[in-house]
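As structure tokens, the structure follows; a few thoughts come after it.
Quick note: the coordinates plus some simple rules give every number you see, no bench work behind them. Just so you know, these numbers come straight off a predicted model, no measurement behind them. With ideal geometry, Cβ positions are generated from the backbone for all residues, glycine too; neighbour counts draw on all protein chains shown.
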Number of protein chains: 4
Amino acid sequence: MINVGIVGGTGYTGVELLRLLLQHPQVHIQAVTSRGEAGTRIADMFPNLRGHIELAFSEPAIDKLVQCDVVFFATPNGTAMQSAPELLNAGVKVIDLAADFRLQDVTEWRKWYNMEHTCPELLAEAVYGLPELHRTAIAKARLIACPGCYPTAVLLGLLPLLEAGLVDCQQLIADAKSGVSGAGRKASVPMLMGEAGESFKAYNVLGHRHWPEICGQLSNISKTSVGFTFVPHLVPMIRGIHATLYATLVNTEVNLQEVFAQRYQNEPFVDILPPGSHPETRNVRGVNRCQIAVHRPFNGKQVVVLSVIDNLVKGAAGQAVQNLNILFGLPETTGLQGIGLLP
Amino acid sequence: MINVGIVGGTGYTGVELLRLLLQHPQVHIQAVTSRGEAGTRIADMFPNLRGHIELAFSEPAIDKLVQCDVVFFATPNGTAMQSAPELLNAGVKVIDLAADFRLQDVTEWRKWYNMEHTCPELLAEAVYGLPELHRTAIAKARLIACPGCYPTAVLLGLLPLLEAGLVDCQQLIADAKSGVSGAGRKASVPMLMGEAGESFKAYNVLGHRHWPEICGQLSNISKTSVGFTFVPHLVPMIRGIHATLYATLVNTEVNLQEVFAQRYQNEPFVDILPPGSHPETRNVRGVNRCQIAVHRPFNGKQVVVLSVIDNLVKGAAGQAVQNLNILFGLPETTGLQGIGLLP
Amino acid sequence: MINVGIVGGTGYTGVELLRLLLQHPQVHIQAVTSRGEAGTRIADMFPNLRGHIELAFSEPAIDKLVQCDVVFFATPNGTAMQSAPELLNAGVKVIDLAADFRLQDVTEWRKWYNMEHTCPELLAEAVYGLPELHRTAIAKARLIACPGCYPTAVLLGLLPLLEAGLVDCQQLIADAKSGVSGAGRKASVPMLMGEAGESFKAYNVLGHRHWPEICGQLSNISKTSVGFTFVPHLVPMIRGIHATLYATLVNTEVNLQEVFAQRYQNEPFVDILPPGSHPETRNVRGVNRCQIAVHRPFNGKQVVVLSVIDNLVKGAAGQAVQNLNILFGLPETTGLQGIGLLP
Amino acid sequence: MINVGIVGGTGYTGVELLRLLLQHPQVHIQAVTSRGEAGTRIADMFPNLRGHIELAFSEPAIDKLVQCDVVFFATPNGTAMQSAPELLNAGVKVIDLAADFRLQDVTEWRKWYNMEHTCPELLAEAVYGLPELHRTAIAKARLIACPGCYPTAVLLGLLPLLEAGLVDCQQLIADAKSGVSGAGRKASVPMLMGEAGESFKAYNVLGHRHWPEICGQLSNISKTSVGFTFVPHLVPMIRGIHATLYATLVNTEVNLQEVFAQRYQNEPFVDILPPGSHPETRNVRGVNRCQIAVHRPFNGKQVVVLSVIDNLVKGAAGQAVQNLNILFGLPETTGLQGIGLLP
């Protein structure tokens, strides 16, 4: 059994991580910490977990965490970097679901996250935990930066096009839509149901933190700087991301369906839909799966890729567990074989 | 392995039954029939099942179904009774998720369902599949009538009070609220999102088919005729039933919390919440569980019981699987140990 | 023109009051105050008001408010009582949309609202602003306490039964359901869309602040103390209240439909639906109207009344405007003749 | 008073048209026809209209309609063309809210709408009823083709860029999102709340009927053929369209905010938001307004325009009334001065 610690289990990625790890056959949850809720039984806060976990939240004490084999951080940005060095020194693996280690350039990080990074020396070592792109490195990593939810949906949708050099890298557009759970479980007026319900809007059009993260990976893939426009939107639903991706073909002699099918033929968590499909976010509700459809309207030069994930699973907690499996040499699908809850 | 046939797999109880049975370690799904969709791959209709099932819907042919150990009917009312006699004669167990065998009085049945019953002789034999009430009979049954969704939530909430003779049986009220999936997956104007969304209403106040079903069971339990008022409501959400139950105490010297806790102490799928709790339907989303809280405002004579289930699971497909487990001597929780999807 | 001041225009009742008053032909809005948002243009905070109002929020300065003919308080509980005495002394009418003057007993008030009342001497003078019950007193009042949203829906539904002495006053039940806007526009975890969406729950079963308010009015009407059970629930929608009311007939020789129709025949804002109807909250979305249907299942002793309002209109801002009209001798429907937004 | 007939008042655009016309000071509604519902009181079908209209639906009889000054068609596609010639011959103006006269090329129309056009000779005469583009022609028209909902949101957002020649016409993208009421009020499985709720998807990526309509108008504006990609999506809400528009600047020396502000400075129903804004669909709920924000991320060549309307108002019934006002020489805002219902 792998001894697991979770720092910050009171948010949506935290409770989702608990749901997945409690059903994982190789995991023992040793501690779930929360500064604010120490002493509260976890199942009192999240009654869906009643009967599945007896633990209470505990104070985030490093001496307890160093006894774990791996520690997940399901915390606000800027928390994992406080404890990561000590844990790594103690030989504990670290999987961060937040943004502390997602960018490699510390200046860039500081600019987008408005704080100083406390362990910039680890940025280069941290592996970006998108298994479909960095599986080999993940297997050998000590420190994994789980991708953001938008980046996961966007990157998986654009990967095959960029790797095959099929599109103009200067004209990439991601029009992305997310359910409200992406904003986390903290009190805020804009995320009240009275505000976010029965309405639709774009936000952060002039700059979203996931933009540099996506750009960085796209550049790595295409081995060139990219022109990338990213417009996130808020959907009045709880779970799910739908990314609609636009690119211009430079090579029109290609069977796009084939390209996608081949790229992901061995990927257990990427599902390429038949030609003409329109993935719905509900198809992947609660599961670690990305469903993708690729379209070429009127056989023109414009490619339209539709990519859906559950932002809390393949976009966060599920991907973290997938990384855990790789890290500890387990079959990658261990504990992740559930079926999406439809309807 | 238990060979299972499913008649009518295109509705919401059908796809939910598939989701559960596909994750059940002792079940092999032999056939899923649908007159309208014969030939269509199941996973094409329900893309959440992609990679989990390769079958296509087949014509409902009795010669194929008799090769099963058990056949589930996830069909409209009036369908199971057409084939049940033949299946039973062939030694196949039948679990009906619809209403064909829920009432024992054929006159009553005809009145509420507006059709002739084609095998009234089976009504007496059929066992009402609420394990918490009829477990022993279920274990020996050939034909099981799974309870309706409202009856499950209402009966589990009132059972302890009636069995212990604590309340006035002439003054029982169930104010019940259901998500829209309870109405099934058939085209209808009132269930359009444009009609049912962002609104709340009662319906069938002057008479709902679940009223005689609940009344019958309540009378059996209390061994007297009951006065029972039932008002169902439609909630703008997909899954979940919340029953708010009102009864008048005839014995006020009792610890209600104790009564409920003891009644259900060995029930794996009924979870009595601590005093002062308010169960939310999301706590049990996707799982075979009923969460109950019992209140006595101002320590008066009025009891208020709050009871929540997922109408498609403990209110339909999950309960059907629970019955299957009992019927075949498996641990009752086999294949039903998932954790509720929250948020 | 009536010069109007609004204290606290940043919440949902505030913006709704603005929407109604801006379309009221006899009203001039002189000031809208907000301590937190002073200086912000109102239409910047609420873009639906762009082009309809040029004012910015101003500091709540009493010297400015005393120049108004009437001041509305759309504030948290405990605010109106701070300024009401001074405004009344200056000859300004006060209409409070919060709870400061809804109860007549100061001890009771202190108990339910957890604070000292700063002007208990005004409690006796304040008129409970339910026009269908207190129209004459309202016309002569200086200080009006607008009813809570639940009390409005419940009282209008029970009034005819109690006034006519048709039901047992010891057995009254209100099972009430509200959209999330009833909780206001303040940051809180339970009202996040991620928490309140796609779920249904009861809350405050052991005691809600609207209970003593309703009890008090019911007792006044029936001229006896009442036994009243009140269970509020949260519906995953934004606007609307649906009250399902249960009472036991003591006189069964009566035509309930007639009783309701006659009681409200001259009321412009209460609409009795035909027999067998089920009002939907969307019918009254955005308008000052209560729709009621009365049922007697199986012609038994149990009456079931269904009553719907828009909690922000007939349950708050619209009712406040109705009171304004009465107070200033205008036709009661002035500015309140809109049509419900369906769908 | 203008005598108005409405053909097909049982759908969402029909009931919305009724809501608007019943509040229009210069309109008298003479007849509302419905083949299926003839004899039903309109307010029985739409209880929000109780007290506002006493009419029942009548049979669609041409002799009655020719007595009107103007007839609106709020019917399925293919209906208006059956009666338009006769009405026009009788001197009655026709405003079609459906698609019968939106395209000028009959071959194109036949291809997209899968039926023969019965009066192709009227296609050239029909005026495309987008007042911001064709106001002068509308004023003189006999037959008006109201734009589709998507085209309204898209065209108003792209107009200023194309008219000023600022963008590459070969690279236009509209990523559009609509609430479910856009699909109308007819029974269908995909529009059930159980299907469309809590999920998000694109549809018709390979070709939507609004594509040729938008292309045609874009070409007229830019006086060249355009390259236009259109991806519609379904949002789990009832009302509202949000179009996110992407174009590539060919002239970067321009103040886009200025361009938009000037283009629409005299338009009563187009509201250009301040720089950095993100319009929400709820801002315009229930009103005849388009709110637009224009962005240029990182001051690059990519323009992002955000455009929102209520699909049933500025996207259908409200725009129809705006056309009526122009047609009959009334102030254009007559009857259209309501305030958006927020929240």
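Kirkwood-based Rg over Rh for the stretch C:1-50 (C-alpha set), two decimals?
0.94
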Notebook entry, point to check: D:Q337 versus D:S219, label points 7 Å from Cα toward the beta carbon: distance in nm?
Noted result: 4.2 nm
Checklist line | Over the stretch B:150-310, relative contact order from alpha-carbon pairs under 8 Å, at least 6 apart, % | finding: 30 percent
Notebook entry, point to check: Over all Cα pairs of the stretch B:204-271, how is the pair count split among 5 Å bins, expressed in % and running from 0 up to the last occupied bin?
Noted result: 3, 12, 14, 21, 23, 17, 9, 2, 0
Next item on the list: Under 1.5 on a/c is rounded, so check that first for the protein assembly as shown, then, if it is not, pick prolate when a/b is larger than b/c and oblate when it is not; a ≥ b ≥ c are the square roots of the alpha carbon gyration tensor eigenvalues.
Entry: rounded
Check: How much of the DSSP beta bridge set in chain A is antiparallel, as a percent to the nearest 5?
Finding: 45 percent
Check: Do any of B:K201/B:K301; A:K64/A:K140; C:K64/C:K201; A:K201/C:K201; D:K186/D:K301; A:K186/D:K201 go past 32 Å between their Cα atoms, and which?
Finding: C:K64/C:K201; D:K186/D:K301
Checklist line | Per-residue HN-Hα couplings for the stretch D:334-343 [Karplus 6.51, -1.76, 1.60; θ = phi - 60°; Hz; x = Gly/Pro] | finding: 3, x, 10, 9, x, 10, x, 7, 10, x
Next item on the list: Could you quickly flag the chain D residue whose beta carbon comes closest to the rotation axis taking D to A, and that distance in whole angstrom?
Entry: D:D175, 2
Next item on the list: For the stretch C:161-206 and the stretch D:206-263, compute the distance between their C-alpha centroids and round to whole Å.
Entry: 44 Å
Note to self: With 10 angstrom as the radius, rank D:M193, A:M191 by how many other C-beta atoms surround their C-beta, starting from the fewest.
What the structure shows: A:M191, D:M193
Checklist line | Amide H within-cut-off set for B:F230, under 5 Å, with H built and near neighbours excluded | finding: B:A174
Next item on the list: Among B:R135, B:R50, B:R239, determine the one that fluctuates most according to a GNM of chain B built with springs between C-alpha atoms less than 10 Å apart.
Entry: B:R50
Notebook entry, point to check: When each copy gets a label point 7 Å from Cα toward the beta-carbon at A:Q67, what are the spacings between them in nm, shortest first?
Noted result: 5.6, 7.0, 9.0
Check: Could you give the length gained on full extension between D:R41 and D:M115, defined as 0.36 nm per residue of separation minus the Cα-Cα distance, in nm?
Finding: 23.4 nm
Check: Which residue, D:Q265, D:Q104, D:Q67, tops the fluctuation ranking in a GNM of chain D built on C-alpha contacts under 10 Å?
Finding: D:Q265
Checklist line | Calculated [θ] (222 nm, deg cm²/dmol) that DSSP helices of n ≥ 4 give over the protein assembly as shown, each run adding -39,500 (n - 2.57) | finding: -8000 deg cm²/dmol
Margin query: Between C:L22 and A:V250, what's the calculated FRET efficiency when r is the beta-carbon distance and R0 is 56 Å? Round to 0.05.
Written below: 0.55
Next item on the list: Report, in whole Å, the centroid distance computed from the Cα atoms of the stretch C:62-79 and the stretch C:307-343.
Entry: 20 Å
Notebook entry, point to check: Which ordering of C:M45, C:M1 is given by a fewest-first count of other beta-carbon atoms within 10 Å?
Noted result: C:M1, C:M45
Next item on the list: Distances from B:E108 to the same position in the other copies: list them in nm, one decimal, shortest first, using label points 7 Å from Cα along Cα→Cβ.
Entry: 4.4, 6.5, 7.0
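Averaged over its residues, how many other protein chain Cβ atoms are within 10 Å of peptide D:331-341's Cβ atoms?
4
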Notebook entry, point to check: Does the stretch A:85-228 classify as rounded, prolate or oblate by the C-alpha gyration tensor (a ≥ b ≥ c root eigenvalues; a/c under 1.5 gives rounded; else a/b over b/c gives prolate, otherwise oblate)?
Noted result: oblate
Check: In debye, nearest 20: dipole of the protein assembly as shown around its Cα centre with unit charges on the Cβ of K, R (+) and D, E (-)?
Finding: 0 debye
Checklist line | the stretch B:122-137 and the stretch C:90-145: distance between their alpha carbon centers, rounded to Å | finding: 58 Å
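Using mean Cβ contacts within 10 Å as the protection proxy, how do A:330-343, D:251-264 order, highest first? Each step should come with its number before you reach the end.
On the way: A:330-343: 20.0, D:251-264: 15.0.
Order by mean packing, descending: A:330-343, D:251-264.
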Notebook entry, point to check: If you build a Gaussian network model of chain B, linking Cα atoms that sit under 10 Å apart, which residue out of B:I95, B:I173, B:I144 swings the most?
Noted result: B:I173
Notebook entry, point to check: Is there a simple number for the mean count of other chain Cβ atoms within 10 Å of the Cβ of residues in C:211-217, and what is it?
Noted result: 0
Next item on the list: Can you tell me the relative contact order of chain D? Whole percent, Cα pairs under 8 Å, sequence separation 6 or more.
Entry: 17 percent
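How high is the FRET efficiency from A:A137 to A:E163, r the C-beta distance, R0 25 Å, rounded to 0.05?
That pair, A:A137 with A:E163, gives E of 0.95.
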Next item on the list: Largest first and in whole Å, give the semi-axes of the stretch C:2-125's equivalent ellipsoid, each being the square root of 5 times a Cα gyration tensor eigenvalue.
Entry: 26, 15, 12
Checklist line | Sorted by Cβ density within 10 Å, fewest first, the residues B:E116, C:E163 | finding: B:E116, C:E163
Notebook entry, point to check: So for the stretch B:150-310: antiparallel DSSP bridges make up what percent, rounded to the nearest 5?
Noted result: 70 percent
Checklist line | the stretch A:41-166: relative contact order as a whole-number percent, Cα under 8 Å and 6+ apart | finding: 20 percent
Next item on the list: Nearest 5 is fine: what % of DSSP beta bridges in the stretch C:2-125 come out antiparallel, could you say?
Entry: 5 percent
Check: Can you give the mean number of other chain Cβ atoms that lie within 10 Å of the Cβ atoms in peptide A:23-31?
Finding: 0
